[in-house]
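Remarks on the structure that follows.
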Amino acid sequence: MNAEAPGRVVLLTASHRVAPGLLSWPAWQTLHAADRVLCAERDHPQLPYLREAGVSVVHLAPTAEELVDDCAGGRTVVVLVGGEGNRPLTDGLARLGGSGRVQMPDLELLPGSYDLPGARFLDLVQVMDRVRLECPWTSLKTHRGLAKYAIEEAYELVEAIEAGDREDLREELGDVLLQVVFHARIAEEDPDEPFAVDDVAATIVDKLIRRHPHVFGDETAETPEDVHAHWLRTKAVEKQRDSATDGVPLGQPALALAAKLGSRARQAGLDVPLPSGDLVGHRLLALAVRAEEEGVDPEAALRAAARAYRDAIRAAEGLGTPADNVEG
């Protein structure tokens, strides 16, 4: 080993979720000031931008010993590594430093770029693309074939919310998000009207901005009621519906459907008598509409009552609630 001044080693990382070339100012300063810049990967995404910036890069994968020698004499050597780092190299440097027999250079880990919020969504898009191309089951799925899973995942999400289980909530949100990305990936293959997940995101971003003029425009809203009024006015302009019932999905659960129809009629200022009769359906409709008028979600209320009834049945059987039961 060279006994001269030990120098400095900089391990420069850059997130693969950020466009290549978008490095921090400290990273560019370090690259330009370095005595040597090393990179083992000849196809590293940053290399074209380093060349354009006048930074000379040597294609080399040094061992820890070689790197320490390379820094002798007070030299600064930058090693360009992937976003996950270079475990063999860092382990080797740690072993040398721990041996006490080598005068080690200063070691620095310099993040050249950082993930922005939502960056892991890019990973999901990339993984979904590969799964769609390579998985025999996934590659054959269609919008219609997936529709039932969207419903199932939505119900599981609601269950996690009502149970108050944070771990389940995070998982179920991911499962719902997967359905969105999956459908968007399938839509890319449509020969007539293709669209991708970026188009889906752009559509909802535009809608959110339009429907929040008090946030992105000149309107004002001081109460939740003001916000709701803005939302309804903007939505009415966008949809241009002939009937207050347009856009209400008839395939949703019956209690939710009844409450939604009652809400639409009330918001439209329509005084429409409920169908009368002694049928159970008529009575349930009246209960659902009344619950909605009082600010109660009849679907959630009935689920809560059903869970209580389930617990009572299990108690009668001498069993605990599912959360207390070992077998779940």
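Odds and ends about this structure:
- The single condition among (1) surrounded by fewer than 14 Cβ atoms within 10 Å (Cβ to Cβ); (2) at pLDDT 95 or above; (3) closer than 30 Å to Pro322 by Cα that Glu162 does not meet is (2).
- Residues that are modelled with pLDDT of 90 or more and under 22 Å from Gln126 (Cβ atoms) number at least 1 in the following helices (runs of 4 or more DSSP H) confined to region 1-102: 47-52.
- Test: residue in region 117-133 that is under 30 Å from His16 (Cα atoms), in contact with a helix residue (DSSP H, G or I) (Cβ under 9 Å, 6 or more places away or on another chain), free of Cβ contacts under 8 Å to residues at least 40 places away in the same chain and of a type in the set (Gly, Ala, Ser): no
- Restricted to helices (runs of 4 or more DSSP H) entirely inside region 203-278, those with at least 2 residues that are closer than 28 Å to Ile151 by Cβ and outside the structural domain of Val180 (by TED's automatic domain parsing) are 224-239, 254-267.
- Options Glu167, Glu162, Glu152, Glu189: the member that is acidic (Asp, Glu), in a helix (DSSP H, G or I) and closer than 30 Å to Ser15 by Cα: Glu167
- Close Cβ contacts (under 7 Å, 6 or more residues apart or on different chains) running from residues in region 142-160 that are in the same structural domain as Ala187 (by TED's automatic domain parsing) to residues that are surrounded by 13 or more Cβ atoms within 10 Å (Cβ to Cβ) and among the charged types (D, E, K, R) comprise Glu153/Glu172; Glu153/Asp175; Glu156/Glu172; Glu156/Asp175; Leu157/Glu172; Ala160/Asp168; Ala160/Glu172.
- Note on region 197-218: residues that are surrounded by 15 or more Cβ atoms within 10 Å (Cβ to Cβ) and closer than 17 Å to Val127 by Cα total 1.
To keep it simple, each residue is scored yes or no on (1) among the aliphatic types (A, V, I, L, M); (2) farther than 23 Å from Glu159 by Cα.
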| position | (1), (2) |
| --- | --- |
| Arg264 | no, yes |
| Gly269 | no, yes |
| Glu292 | no, no |
| Gly295 | no, no |
| Leu302 | yes, no |
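- Val58 of a type outside the set (D, E, K, R) and touching a helix residue (DSSP H, G or I) at 6+ places or on another chain (Cβ under 9 Å): no
- Taking (1) closer than 30 Å to Ala305 by Cβ; (2) surrounded by 12 or more Cβ atoms within 10 Å (Cβ to Cβ) in turn, Lys148 satisfies each apart from (2).
- Cβ separations smaller than 8 Å between residues 6+ apart or across chains give the following pairs from region 215-241 residues that are over 15 Å from Arg264 (Cβ atoms) to residues that are surrounded by fewer than 12 Cβ atoms within 10 Å (Cβ to Cβ): Asp226/Thr220.
- Condition met for Leu284 (under 30 Å from the mean Cα position of the chain (by Cα) and either under 30 Å from Lys148 (Cα atoms) or loosely packed, with under 15 Cβ neighbours inside 10 Å (or both)): no
- Conditions (1) closer than 30 Å to Gly164 by Cβ; (2) in a helix (DSSP H, G or I); number of the one not met by Gly295: (2)
The values are calculated or read from the model by the stated rules, or taken from the named source; none is laboratory data. Everything numeric in this text was worked out from a predicted model, so none of it was measured. Quick reminder, even Gly has a Cβ in these numbers, built from the backbone with ideal geometry, and neighbours come from all protein chains shown.
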